[in-house]
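The values are calculated or read from the model by the stated rules, or taken from the named source; none is laboratory data. Given the structure is predicted, the values throughout are model-derived calculations rather than measurements. Neighbour counts run over all protein chains shown; Cβ positions are idealised from the backbone, glycine included. Remember, those area values only see protein heavy atoms, side chains included, never the ligands or the DNA or RNA. Shrake-Rupley method; radii C 1.70, N 1.55, O 1.52, S 1.80 Å.
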Amino acid sequence: MFSQYSCPLNSGRIILNKPNFYGHQDETNNRIKSESNQVISISNGKVAKIIKSDSDYSLIIKNDTNNFFIYSNLSKTMLKENDTVEKSQILGLANYDEYYASYLLGFQFWKKDESIKVDLECTKSD
């Protein structure tokens, strides 16, 4: 149903997720590392919600078919709720991760109320 989406980080590389408490990997929750910190929108839409924690931001972008694109672990965003977003627009900056010695972004796609695995045009991890 979905074609491959562009990578939300330039030169991004997907990091394989570790199993959760129950021993399962959440393949819908992509972690992407990059030398570039610019987070790029992979779809047109509108900022539905911005969630601020102590150390980062998460952006929830809703498109015209009521699907959601969630970008997390941003150190900064220039957007506010209800802003219109164009595909390939810069959404903000990813946080630097000391362990990976690169910038790290969390990304999920939700089809209405269900998290769905999507294929991102990022380099796959070994």
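For trypsin sites (Lys or Arg not before Pro), the sites in the stretch 36-82 that DSSP calls loop and that have at most 13 other Cβ atoms within 10 Å are Lys80. Computed from the C-beta positions of Ser36 and Glu98 and an R0 of 25 Å, the FRET efficiency is 0.90 to the nearest 0.05. The longest part of the chain holding none of the exposed loop chymotrypsin sites (Phe, Trp or Tyr not before Pro), meaning those outside H, G, I, E and B in DSSP with at most 11 other Cβ atoms within 10 Å, is 23-98.
In the full protein context, the chain carries 60 Å² of accessible surface per residue, based on a 1.4 Å probe and ignoring ligands, DNA and RNA. Computed extension gain for Lys76 through Lys111, at 0.36 nm per residue and net of the alpha carbon distance, reaches 10.0 nm.
Carbon-plus-sulfur fraction of the accessible area of the chain, 1.4 Å probe, in percent? Carbon and sulfur atoms account for 47 percent of the accessible area of the chain.
Among the trypsin sites (Lys or Arg not before Pro) within the stretch 81-126, those in coil by DSSP and having at most 15 neighbouring Cβ atoms inside 10 Å are Lys87, Lys112, Lys117, Lys124.
Calculated on the Cα set of the chain, radius of gyration then Dmax: 13.7, 39 Å. Work out the P(r) tail for the stretch 60-126: percent of alpha carbon pairs separated by more than 13 Å, whole number. Counting every Cα pair in the stretch 60-126, those more than 13 Å apart make up 73 percent. Extension gain, Lys87-Lys49: 0.36 nm per intervening residue step, less the Cα-Cα distance, totals 11.9 nm.
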